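Here the structure comes first, spelled out in structure tokens, and everything after it is commentary.
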Amino acid sequence: MAKTMYEKIWDAHFVHQEPGQAALLYIDRHLMHEVTSPQAFEGLNIAKRSIRNKHSILATLDHCVPTKLADRINLPDPIGAKQVATMINNCEQHGLTLYDMESKNNGVIHVVVPEHGFVHPGMTTVCGDSHTATHGAFGALAFGIGTSEVEHVMATQCLPQAKSKTMLVKVDGTLSKYSTAKDIALAIIGRIGTAGGNGFVIEYAGSAIDALTMEGRMTLCNMAIESGARAGLVAPDQKTYDFLEGKEFAPKGDAWDQALSYWKTLPSDDGAEYDLVIELNAADIAPQVTWGTSPEQVVPVNQTVPAPNDFEQEGKQIACKSALDYMDLDAGTKMTDIEIDFVFLGSCTNSRIEDFRAAAEVAKGTKVPANVTAIAVPGSYMVKEQAEQEGLDKIFTDAGWEWREPGCSMCLAMNGDQLKPGQRCASTSNRNFEGRQGKGGRTHLVSPAMAAAAAAAGRFVDIRELEQN
């Protein structure tokens with residue numbers, strides 16, 4: 001029987017299932033940061049359990065880490081400082097690999113891990129972080145887990161899981177120059193909603209997905225969780241193999257040839273059946289901007305803010321009204337008339353070298369208005385070093401941006417980088433919920449190039465018109 005990629009990975013990792021209970025899956029890779037791991041380590045210590053496979057774990061410090069150099073030396077937040085110290089102590093006690101703030105490999109976990117080739121096609125990968133879905137870009141079944149599950153995986157290397165349904169999101173055609181993987185992700189969420197993926201693992205396919213770089217595929221899979229999906233997958237291909245070959249944790253020698261042979265069997269078989277199929281035309285996907293307080297509240301940049309009566313379902317009408325009130329927007333306002341106070345370029349969604357190149361191309365020769373603050377936060381020290389070698393940092397600083405140290409930064413309000421009440425931000429992150437970037441802060445999700453254009457204009461801009469002009 002023809003199988004989907006998800007079914008192949010599931011079958012390869014299935015351990016056991018008792019009648020009436022969830023199946024037990026073997027877990028290949030376990031990623032960690034300082035926020036969701038302390039209670040799990042404490043649970044292990046209380047139960048006097050050891051970690052089953054230490055080599056399966058890679059840890060970094062990212063959520064609580066300040067992006068201003070002076071603050072990294074003396075962490076100003078006592079809670080964050082305690083979480084960082086606890087993580088360091090736990091990793092030392094258990095002999096785990098940790099990229100701490102003094103490591104040249106430090107950065108955001110979902111940026112750092114691919115840089116070292118730690119996750120491979122066909123693997124199961126977990127982390128106490130919802131955006132673990134990022135690693136589906138490599139054809140790995142990757143998903144976020146809770147604190148008790150973190151402890152369970154450390155102790156047993158297995159995890160009880162209910163089998164998901166399968167959804168194929170097929171995007172064919174060619175994207176316009178300034179439409180990106182971020183815009184594909186937002187367009188999909190706008191189409192199916194933040195609950196549209198509930199109970200599913202999404203496989204992204206089609207000529208537009210094939211054309212994406214590995215960085216673009218990571219951005220796309222990163223946001224699978226924002227559509228409610230358990231995980232996102234892209235079939236491995238030559239781009240995947242080229243990206244992994246030679247990296248620190250990639251197979252070497254004969255092991256590489258054996259791995260490659262297996263990886264090539266992973267793509268879904270011809271005739272494999274999915275529970276749901278969604279199709280989009282890449283040519284129809286314009287640069288996107290969210291207007292509300294959910295990723296599904298999104299429109300193309302050349303459209304207007306919707307009104308509650310534009311929606312058929314009562315729930316969405318209520319959500320629209322609530323979002324307009326929080327965001328302080330009037331229905332019918334042109335997206336390009338919305339002024340901003342802040343721009344954030346970073347996060348595990350858009351903080352790779354490709355993202356900074358795209359933003360720098362737009363930012364070059366521009367100047368950030370005096371009433372706007374723009375910060376560029378690389379996802380890792382490897383990204384930061386490469387960007388500086390290419391002179392991208394100078395493009396940003398010449399344009400009036402702040403060039404920061406790596407970290408999660410303003411993706412979430414817990415490390416010193418946050419909006420003040422009422423401030424409006426063009427953000428390349430993944431969530432625009434109320435208070436996500438700071439109490440009373442208003443977040444609009446965009447691509448890196450769109451963020452750079454907004455920084456220069458002090459408002460949202462249709463970057464397709466910039467090139468025409």
>> Considering only residues that are farther than 27 Å from Ser429 by Cα, part of a helix (DSSP H, G or I) and open to solvent by 60 Å² or more (accessible area, probe 1.4 Å), which ones fall in segment 243-289?
In response: Asp254, Asp257, Gln258, Ser261, Tyr262
> Looking only at segment 414-438, which residues are over 19 Å from the mean Cα position of the chain (by Cα) and closer than 17 Å to Leu186 by Cβ?
Replying inline: none
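Consider segment 425-444. How many of its residues are in contact (Cβ under 8 Å) with a residue 24 or more places away in the chain, surrounded by fewer than 19 Cβ atoms within 10 Å (Cβ to Cβ) and either in contact with a Leu (Cβ under 6 Å, 6 or more places away or on another chain) or within 21 Å of Glu226 (Cβ to Cβ) (or both)?
Selection size over segment 425-444: 2.
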> Considering segment 1-26 alone, what residues qualify as being of a type in the set (S, T, N, Q) and exposed (fewer than 12 other Cβ atoms within 10 Å of the Cβ)?
Replying inline: Gln21
> Restricting attention to segment 48-63, and to residues there that are more than 13 Å from Asn90 (Cβ to Cβ) and of a type outside the set (S, T, N, Q), which single residue is surrounded by the most Cβ atoms within 10 Å (Cβ to Cβ)?
Replying inline: Asp62
> Which condition number in (1) more than 21 Å from Ser380 (Cβ to Cβ); (2) assigned to a helix (DSSP H, G or I) is the one that His444 fails?
Replying inline: (2)
> Just wondering, is there one or more residues in segment 168-189 that are out of contact with any Phe, Trp or Tyr (no Cβ under 9 Å at 6 or more places or on another chain), open to solvent by 40 Å² or more (accessible area, probe 1.4 Å), farther than 16 Å from Asp284 by Cα and in a loop (DSSP other than H, G, I, E, B)?
Replying inline: no
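Here is a yes/no grid of residues against (1) assigned to a loop (DSSP other than H, G, I, E, B); (2) modelled with pLDDT under 95; (3) over 30 Å from Gln238 (Cβ atoms):
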| position | (1), (2), (3) |
| --- | --- |
| Arg72 | no, yes, yes |
| Gly80 | no, yes, yes |
| Met101 | yes, yes, yes |
| Lys104 | yes, no, no |
| Val119 | yes, no, no |
| Ala133 | no, no, no |
| Gly136 | no, no, no |
| Phe143 | no, no, no |
| Pro160 | no, no, yes |
> Any idea which residue in segment 141-165 is nearest to Ala12 (Cα to Cα), counting only those that are in contact with a Leu (Cβ under 8 Å, 6 or more places away or on another chain) and open to solvent by less than 10 Å² (accessible area, probe 1.4 Å)?
Replying inline: Leu141
> Got a number for residues in segment 445-460 being buried (at least 24 other Cβ atoms within 10 Å of the Cβ) and under 22 Å from Leu324 (Cβ atoms)?
Replying inline: 5
>> Checking the conditions here, which among Ala59, Ala2, Ala12 is in a loop (DSSP other than H, G, I, E, B) and modelled with pLDDT of 95 or more?
In response: Ala2
>> Quick check on segment 378-386. Is at least one of its residues more than 30 Å from Ile79 (Cα to Cα) and touching a helix residue (DSSP H, G or I) at 6+ places or on another chain (Cβ under 8 Å)?
In response: yes
>> Being touching a residue at least 24 places away in the same chain (Cβ under 8 Å), under 19 Å from Cys158 (Cα atoms) and buried (at least 21 other Cβ atoms within 10 Å of the Cβ) narrows it down to one residue among Val119, Val108; which is it?
In response: Val119
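Here's the yes/no breakdown for (1) more than 23 Å from Arg459 (Cα to Cα); (2) of a type in the set (Val, Ile, Thr); (3) surrounded by fewer than 17 Cβ atoms within 10 Å (Cβ to Cβ):
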| position | (1), (2), (3) |
| --- | --- |
| Gly365 | no, no, yes |
| Val377 | no, yes, no |
| Met382 | yes, no, no |
| Glu388 | yes, no, yes |
| Phe396 | no, no, no |
| Ala399 | no, no, no |
| Trp403 | no, no, no |
> Under the condition of being over 18 Å from Leu412 (Cα atoms) and among the hydroxyl-bearing types (Ser, Thr, Tyr), which residue from segment 64-102 is least open to solvent (accessible area, probe 1.4 Å)?
Replying inline: Tyr99
> If we scan segment 213-231, do we find a residue that is part of a strand (DSSP E or B), at pLDDT 95 or above and within 27 Å of Val108 (Cα to Cα)?
Replying inline: yes
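Listed here are the residues, each with its yes/no results for (1) farther than 22 Å from Val201 by Cβ; (2) free of Cβ contacts under 8 Å to residues at least 60 places away in the same chain; (3) of a type in the set (Ser, Thr, Tyr).
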| site | (1), (2), (3) |
| --- | --- |
| Glu248 | yes, no, no |
| Pro251 | yes, no, no |
| Asp254 | yes, yes, no |
| Pro267 | no, no, no |
| Asp275 | no, no, no |
| Gln313 | yes, yes, no |
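On the given criteria, is Arg29 buried (at least 17 other Cβ atoms within 10 Å of the Cβ), at pLDDT 95 or above and basic (Lys, Arg)?
For Arg29, the condition - buried (at least 17 other Cβ atoms within 10 Å of the Cβ), at pLDDT 95 or above and basic (Lys, Arg) - is met.
The values are calculated or read from the model by the stated rules, or taken from the named source; none is laboratory data. This one's a predicted model, so the numbers in the text were calculated from it and none came from an experiment. Please note: Cβ atoms are built from the backbone with ideal geometry, for glycine as well, and neighbour counts cover all protein chains shown. Areas reflect the complete protein model, heavy atoms only, side chains present, ligands, DNA and RNA absent. Shrake-Rupley method; radii C 1.70, N 1.55, O 1.52, S 1.80 Å.
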